[in-house]
Amino acid sequence: QVQLVESGGGLVQPGGSLRLSCVASGSIFSVNTMGWYRQVPGKQRELVALITSGGSTNYADSVKGRFTISRDNAKNTVYLQMNSLKPEDTAVYFCTCDADPAGWSKFFRYWGQGTQVTVSS
């Protein structure tokens, strides 16, 4: 099995910054796309940012220019640097990765348990 563990969430004032980290471990043959989603109560989970193994990125319009996604392929780790945070960024942030656990070139999407980010004065 593949496990994802997030860290770095917390409480921050508007305009502040946080850096989220997520490590994928377990039975991993290879990892393709990694990314972050977020969810607030009563709403659907939404894409924040994705990054491929080659470094191509995709961002939600609401975070472009403020958030930066990056990864360390050797460590199966993805990061999300969040700057200029706004109260509307408050959510539970979930890490994802598309991993091949057995070397059969068949990828599955795995999810972390989520980390709370609260932006409030």
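The values are calculated or read from the model by the stated rules, or taken from the named source; none is laboratory data. This is a predicted model, so every value here is computed, not measured. Counting neighbours? That spans all protein chains shown, and the Cβs are built from the backbone with ideal geometry, glycine included. The accessibility values were calculated without ligands, DNA or RNA, using every heavy atom of the protein model including side chains. Shrake-Rupley method; radii C 1.70, N 1.55, O 1.52, S 1.80 Å.
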| query | When ligands, DNA and RNA are left out and all protein chains stay put, how many square angstrom of accessible area per residue does the chain have with a 1.4 Å probe? | reply | 52
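If the chain between Gln113 and Arg45 were fully stretched, how many nm would it gain, using 0.36 nm times the residue separation less the Cα-Cα distance?
Working: separation 68, 0.36 × 68 = 24.48 nm, distance 1.33 nm.
Contour length minus Cα-Cα distance gives 23.2 nm.
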| Cα coordinate range in segment 52-109, projected on the principal axes (Å, largest first) | 43, 21, 20
| Which far-off residues, 5 or more places away or on another chain, put their amide H under 5 Å from the one on Val48, with H placed in the peptide plane? | Trp36, Tyr37, Arg38
| query | Under the Kirkwood approximation applied to all pairs of distinct alpha-carbon atoms, what is the hydrodynamic radius of segment 5-102 in Å? | reply | 13.8
| query | Cα centroid distance between segment 1-29 and segment 96-118, in Å? | reply | 12
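Report the gain in length on full extension from Ala102 to Ser30: 0.36 nm times residue separation, minus Cα-Cα distance, nm rounded to one decimal. Write out the running numbers ahead of the final one.
On the way: separation 72, 0.36 × 72 = 25.92 nm, distance 0.86 nm.
Full extension from Ala102 to Ser30 adds 25.1 nm.
Could you tell me what percent of the accessible area of segment 1-117 is made up of carbon and sulfur, with a 1.4 Å probe and every protein chain present? Before the final figure, lay out each step's value.
Working: 3000 of 6060 Å².
Heavy-atom surface of segment 1-117 belonging to carbon and sulfur, 1.4 Å probe: 49 percent.
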| field | Cysteines without a disulfide-compatible partner [the chain; Cβ-Cβ under 4.7 Å] | value | Cys97
| How much of Val2 can a 1.4 Å solvent probe reach, expressed as accessible area in Å² and rounded to 10? | 20
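State the volume of the convex hull built on the alpha-carbon positions of segment 24-79, expressed per residue in Å³ and rounded to an integer. Write down the numbers at each step before the final one.
Numbers: hull volume 5.6 nm³, N = 56.
Expressed per residue, the convex hull around the Cα atoms of segment 24-79 is 100 Å³.
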